[in-house]
Amino acid sequence: MADSVRIDKYLWAIRVYKTRSDATDACKGNKVKVAGLPVKPSREVKRGDVIEVRKGISTFTYKVKELLEKRVGASLVDDFADNLTPEEELEKMKAPVETFFVRRDRGSGRPTKKERREMDALFDSL
């Protein structure tokens, strides 16, 4: 077994990202950090490294237990990585997303300036 593996390949293999290109894009977008520093997709990870991954509003933290280059089943992920994500970060995922829809009759076109002000005032009062 190798002493290190590319971070994009590792994140894909432990099922953090659905595709390897998603993992690569996340690295390029500064959403993946090792030791608090953003990394490139080609960065090699070793046993014991702590990886932070920002997905949406949450930041997930993983510690590398074992290295692998091939994707494994979801039940085997715990053998290769420890999920150190704090409970508060997991709670952020469960928070309801508040959405508010204003009902308009179909075909009535875009709102007028007056209607738009009324909608904005309604949103501001919430």
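FYI, it's all coordinate maths here, none of it is from the lab. Since we're looking at a predicted model, the values are computed, not measured. Every residue, glycine as well, gets a Cβ built from its backbone with ideal geometry; the counts of neighbours run over all protein chains shown.
Can you classify segment 17-85 as rounded, prolate or oblate using the Cα gyration tensor, where a ≥ b ≥ c are the square roots of its eigenvalues, rounded means a/c under 1.5, and otherwise it's prolate if a/b beats b/c and oblate if not? Don't skip to the end; give the middle numbers.
Numbers: a/c = 1.39, a/b = 1.29, b/c = 1.07.
Rounded is the answer for segment 17-85, as its axis ratio a/c remains below 1.5.
Between the DSSP loop rule and a limit of at most 10 other Cβ atoms within 10 Å, which trypsin sites (Lys or Arg not before Pro) in segment 1-101 are left? Please report the intermediate quantities before stating the final value.
Numbers: sites: 6, 9, 15, 18, 20, 28, 31, 33, 43, 46, 47, 54, 55, 63, 65, 70, 71, 92, 94; in loops: 15, 18, 31, 43, 46, 47, 65, 70, 71.
Filter output for segment 1-101: 18, 70.
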How big is the Rg/Rh ratio for the chain, C-alpha atoms only, Rh by Kirkwood, two decimals? 1.23
J(HN,Hα) series, segment 68-84, from Karplus relation 6.51 cos²θ - 1.76 cosθ + 1.60, nearest Hz, glycine and proline x: 7, 10, 9, 5, 10, x, 4, 6, 9, 4, 4, 6, 10, 8, 9, 8, 9
Range in the chain, longest, excluding exposed chymotrypsin sites (Phe, Trp or Tyr not before Pro) [loop by DSSP; at most 11 other beta-carbon atoms within 10 Å]: 1-99
Can you tell me the relative contact order of segment 5-94? Whole percent, Cα pairs under 8 Å, sequence separation 6 or more. 28 percent
In order through segment 24-34: 3J(HN,Hα) via Karplus (6.51 cos²θ - 1.76 cosθ + 1.60), integer Hz, x for Gly, Pro: 4, 5, 5, 5, 5, x, 6, 9, 10, 10, 10
